[in-house]
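The values are calculated or read from the model by the stated rules, or taken from the named source; none is laboratory data. This one's a predicted model, so the numbers in the text were calculated from it and none came from an experiment. FYI the Cβ positions are ideal-geometry reconstructions off the backbone, even for glycines, and counts take in every protein chain you see. Note: accessible area is taken over every heavy atom of the protein model, side chains too, but ligands, DNA and RNA are not part of it. Shrake-Rupley method; radii C 1.70, N 1.55, O 1.52, S 1.80 Å.
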Amino acid sequence: MKISKNNELYTKIKDNFIKNAASILETWRKDGYKVALDDYVWGSNKDLCDRAMILIIADRLTDKQEPSSDYNAAVLDQIHYLLGRNAMDISYVTSFGEKAAKHPHHRQSVIKSQAVPGMLVGGPNGYIMDVNGDPVAKMVDEKTPPAKCYADIDGSYATNEICIYWNSPLVYILGYLYQN
């Protein structure tokens, strides 16, 4: 079933989607690092990429000829965060940047003793203390800010894990930025 852009349901979904994007922009504006996250959970970098994708899609839904400068700036800031402008001063993409993640929780990288380039690690996890068996849990106390609950340790599955579906939205975002 194809829904017309003049359809009431289409309009309602579109309006709610753009409203969600506006909320993400508000979070981005308030954050010192210009990060569009309001919580650092397991796979926070994937959540950040998802939010950037929402901004990209919302920008395309606004029926403007030119991309919105706020949307573009916010998306670009998320890439800056992932590549090192963050509380940890580390690129969360393996092999990208002088201080890139080098020890992802990734068997092939551990076996080779070298990170496979271009993988997005999970990132800070403010709930790490609740994860049993992760070595970072022992290094973090309740006073550690959530954005700093990360360690570049191959055994840290709760902060340094690699997942293909975490890399997919990163590729989408980079493709968008390359086109604009």
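At a glance:
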{"read-out": "Any hit, segment 23-42, residues being among the acidic types (D, E), touching a Leu at 6+ places or on another chain (Cβ under 8 Å) and surrounded by fewer than 20 Cβ atoms within 10 Å (Cβ to Cβ)", "value": "yes"}
{"read-out": "Residue within segment 22-38 that is closer than 15 Å to P124 by Cβ, touching a strand residue (DSSP E or B) at 6+ places or on another chain (Cβ under 8 Å) and hydroxyl-bearing (S, T, Y) present", "value": "no"}
{"read-out": "Count of residues meeting criterion [in a loop (DSSP other than H, G, I, E, B) and either touching a helix residue (DSSP H, G or I) at 6+ places or on another chain (Cβ under 7 Å) or free of Cβ contacts under 8 Å to residues at least 12 places away in the same chain (or both)] in segment 87-97", "value": "4"}
{"read-out": "Condition broken by K19, with the remaining ones in (1) exposed (fewer than 14 other Cβ atoms within 10 Å of the Cβ); (2) in contact (Cβ under 8 Å) with a residue 40 or more places away in the chain satisfied", "value": "(2)"}
{"read-out": "Members of segment 93-110 found to be at pLDDT 95 or above and among the aliphatic types (A, V, I, L, M), listed by number", "value": "V93, A100, A101"}
{"read-out": "Count of residues meeting criterion [over 14 Å from Y150 (Cβ atoms), buried (at least 22 other Cβ atoms within 10 Å of the Cβ) and under 13 Å from the mean Cα position of the chain (by Cα)] in segment 80-125", "value": "1"}
{"read-out": "Identity of the residue in segment 126-155, touching a residue at least 60 places away in the same chain (Cβ under 8 Å) and either touching a Cys at 6+ places or on another chain (Cβ under 6 Å) or of a type in the set (D, E) (or both), that ends up most open to solvent (accessible area, probe 1.4 Å)", "value": "D152"}
{"read-out": "Whichever residue in segment 66-78 is free of Cβ contacts under 8 Å to residues at least 60 places away in the same chain and in a loop (DSSP other than H, G, I, E, B) and, among such residues, is most open to solvent (accessible area, probe 1.4 Å)", "value": "E66"}
{"read-out": "Single unsatisfied condition, Y81 versus (1) touching a Phe, Trp or Tyr at 6+ places or on another chain (Cβ under 8 Å); (2) over 23 Å from S168 (Cβ atoms); (3) of a type in the set (F, W, Y); (4) part of a helix (DSSP H, G or I)", "value": "(2)"}
{"read-out": "Boolean, V35 is part of a loop (DSSP other than H, G, I, E, B), under 25 Å from V116 (Cα atoms) and among the aliphatic types (A, V, I, L, M)", "value": "no"}
{"read-out": "Unmet criterion (only one of (1) open to solvent by 70 Å² or more (accessible area, probe 1.4 Å); (2) closer than 20 Å to N86 by Cβ; (3) aromatic (F, W, Y)) for Y165", "value": "(2)"}
